[in-house]
Amino acid sequence: MSQTRETQVLSVSIAAKKLPQDGMPIDFEASETERQRLAEALDLVGVPSFKAKLTARAWQRDGVRVTGDLKAVVEQTSVVTLEPLRRTYPITFDATYVPEGSKLARIARPDEHELHIDPEGDDPPETFVGDEIDLGPLMMEYLALALDPYPRAGEERFEAVDTDPEPEAGKVSPFAKLATFKAGRKDEE
């Protein structure tokens with residue numbers, strides 16, 4: 001799914017070719033519109049704050065490595081009470097970008113039908129086209145992966161529910177009938 005810059009939830013562009021040798025600091029704070037779009041895209045009640053403090057450095061010959069921290073304050077709905085909960089998510093951001101045609105980009109061979117992934121290894125580099133890299137989509141992905149899928153306040157618990165609190169008087173459980181049937185068969189043997 002391709003997004004244009006106008007429909008993109010977050011857009012944080014950096015120049016890939018002109019990075020200082022000691023790295024370029026990136027301080028980003030999402031606007032109110034971006035936070036609203038982020039809340040809609042991730043099905044959240046709201047996103048009161050989304051900030052990033054990152055550093056972009058040249059990597060290999062034509063790649064870029066971006067590291068730093070994201071901090072998001074989000075409002076989610078409790079799965080127990082359906083009340084809004086406010087949570088803060090500190091996220092470590094570490095991504096490598098290479099140009100689309102780079103030898104460092106993982107390219108699947110046409111004769112291969114399997115995807116080989118090292119679960120302990122680094123993530124494969126992201127690719128970019130042109131001279132700019134947009135960090136927004138990957139920042140949103142990092143937040144989506146950090147979110148608690150079943151948010152609830154620490155003291156909230158589901159209580160056991162008795163689905164048949166007062167059985168009808170004289171009603172015998174089918175298991176009790178089965179037990180008497182088995183006992184009767186043992187007596188016949």
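The table that follows gives values for the structure above.
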item: Paramagnetic label zone (point 7 Å from Cα along Cα-to-C-beta, Lys18; backbone N under 15 Å) in the range 47-69; result: none
item: Computed E for Arg57/Lys103 - FRET, C-beta separation, R0 30 angstrom, nearest 0.05; result: 0.90
item: Extension gain, Arg86 back to Asp131 (0.36 nm per residue minus Cα-Cα distance, nm); result: 12.4 nm
item: Contour minus Cα-Cα distance for Asp122 and Ala176 (0.36 nm per residue); result: 13.5 nm
item: Taking the convex hull of Cα positions in the range 13-146, its mean projected area over all directions (nm²); result: 10.5 nm²
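A short reminder: the numbers here are calculations on the coordinates, not readings from a lab. Nothing here was measured: the structure is a model prediction, and the numbers come from that model. Cβ: placed from backbone, ideal geometry, glycine included. Neighbour counts: every protein chain shown.
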